[in-house]
1. Output the residues belonging to segment 109-125 that are modelled with pLDDT under 90 and either in contact with a helix residue (DSSP H, G or I) (Cβ under 7 Å, 6 or more places away or on another chain) or open to solvent by 70 Å² or more (accessible area, probe 1.4 Å) (or both).
2. Just one of L264, L236 is assigned to a helix (DSSP H, G or I), over 30 Å from P51 (Cβ atoms) and touching a Gly at 6+ places or on another chain (Cβ under 6 Å); which is it?
3. Please list, ordered by first then second residue, the pairs with beta carbon atoms under 6 Å, 6 or more apart or interchain, first in segment 95-119 and under 16 Å from L161 (Cβ atoms), second assigned to a helix (DSSP H, G or I).
4. I'd like the full set of residues that are aliphatic (A, V, I, L, M) and more than 15 Å from A185 (Cα to Cα), limited to segment 48-72.
5. Answer yes or no: is there a residue in segment 245-254 that is in contact (Cβ under 8 Å) with a residue 40 or more places away in the chain, assigned to a loop (DSSP other than H, G, I, E, B) and under 21 Å from Q159 (Cβ atoms).
6. Just to be sure, is A223 under 30 Å from H261 (Cβ atoms), open to solvent by 20 Å² or more (accessible area, probe 1.4 Å), among the aliphatic types (A, V, I, L, M) and within 19 Å of the chain's Cα centre (by Cα)?
7. For segment 184-210, what are the residues that are open to solvent by less than 50 Å² (accessible area, probe 1.4 Å) and of a type outside the set (G, A, S)?
8. Hey, among S52, S56, which residue is more than 15 Å from the chain's Cα centre (by Cα) and hydroxyl-bearing (S, T, Y)?
Amino acid sequence: MAYLRLRGIVISLHHNGVEGTVAEIFRALMMSRMERFHAAADLIQEAVVDPSLWPSTLSAISDSLDLAGINIMEPITQTAFSGVMVTDSLQGLLDDYVREEWHLRDYRACLLPITKQQSVVLEQSVVAPSTYETHEYYRFLEKYGLRLSAVIDFSVGDQSLYFVMQRRLSDGFDGAELPLFEHIASRLRTGARLMRALTQSRVQGMLTAFDRMATGCLLFNKAGQVVETNATAERLVAEGHLAIRRNQLEPWLSSDARALHGSLKAALGGNSLERKPVLLSTRRGSPLVVRIEPFGTRLVDAFYGAAAFALVEDTGARGHSHALLKQVFGLTSAEAMIADLVAQGYSPTEIATRQTIHYETVRSHLRSIFRKTETSRQAELSALLGNLRIR
C-alpha cells in the first residue's frame, strides 16, 4: 500500500500502477486547488465594491490555502494593534487576544518593518525556532493550535493594514506558496487604493452634508485624535465654544471634559451602553449637544483612518423641536411632549387636563423623563430644557 499526503489528506493506493495513478491524482488535486484559489482571489475586487462580502471573501481565501484562518490588523502604536476583520475560525482567539491584552504587546510586531521591504514575510524565515518554545506569546497561540503566520502589508498612504494568514500548529509555510501569496498581495493593494478613494469620497460628502444641516462634524482616529473637521465645527472652535489642542478635542469648561472623553472612549471601544449625548457648556450659556459614534467596522472604513465621528449641534443657533429631546435623551413622543410642557411651566395636573389624559399617566411619564434626563425635580428639568431652547 502506498500513501500520498496533501496537507492532512491521505490517499491510499494499491501498488499496481502506483506511479501513473499518483501523478494523475496529484495533478487533479493541484488543479482543483488552484481553481479554488483564483476564484477566491477574484472575490477581493467584488468585496471592494460591496464591503458586506469581505467576511465570506476572507473565508474563501483561507479555505483555498488550507489556512487556520485570516485576520486583518491595524497598528495603533509600534507594538499595539487593533483587529479590523477576522474569519470566524479565529474569533475566539481574537477575543482572548484583546481580553488578555496581547494586542498591546504582540511579538509579531517585529515582522512589520520587514514587510515594508518585501511583498510577503513568512514568520518562520524571521523568528528563531527556539523562540517558539520559549516566548509566552507563542505559548498563547498554542492554546488555539496555532503557531506560524505569513504577513502581507497592503498599506496605502499613511494608513497601515496587515493581512495575516495563520497556519495550524502542525503545519508550516512552503516557499512554493509564495507566488500565491504575492498574487493575493497584488490584489489587496489594488483593492486598497480603490477602497481609500471610495471612502474619502464618501466621508467628504458626509462632512458637507452635515454642514448644510448646520451641524458640526469631527472625525477621530483610533487614538482619539481629531483628523478632520467640517466648516461648522471649525466655526465653533473659532468662537471658543470648543478647542482642539494637540489634536485632542476639549470642551470650553474643563468640568465637561470627563463626560466628553468618556463618550469618545466608549465609541472607540465599541461600548454602546456608555454612548449617550453629552451637553457641553458654551461661552454664551446655551449648550452644545455632542453625540459620538463609531465610524464603522467594515474594512473599507479603515482606509480613511477614522474610527469615530462626533456630531455637534449648537442649541444657541436655533430653537429645537421635540425631535431634539427624542434624540438627546431618548424620550418617546409622549414624553417629549410632556417635557416640553413642563419647560413652559405647566404642572402635572394642568398637563393632564390640557392633554385629556389621566394624572397618573403624566406622573408615570415624568418618572421616566427624570430617569432619562438624570434629573429629579420639575425645576431641574425646566432648567435643563430651558438651556436647550425647546419650542
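The values are calculated or read from the model by the stated rules, or taken from the named source; none is laboratory data. None of the values given here were measured: they were computed from a predicted structure. We place every Cβ from the backbone using ideal geometry, glycine too, and count neighbours over all the protein chains shown. Accessible surface areas use protein heavy atoms only, side chains included; no ligands, DNA or RNA. Shrake-Rupley method; radii C 1.70, N 1.55, O 1.52, S 1.80 Å.
1. L111, P113, K116, Q117, Q118, S119
2. Details: L264 fails: over 30 Å from P51 (Cβ atoms).
One residue alone meets the criteria, L236.
3. Hits for this filter: H103/Y97; S119/E182; S119/A185.
4. V49, L53, A60, L67, A68
5. no
6. It is true that A223 is under 30 Å from H261 (Cβ atoms), open to solvent by 20 Å² or more (accessible area, probe 1.4 Å), among the aliphatic types (A, V, I, L, M) and within 19 Å of the chain's Cα centre (by Cα).
7. I184, L188, M195, R196, T199, V203, M206, L207, F210
8. S56
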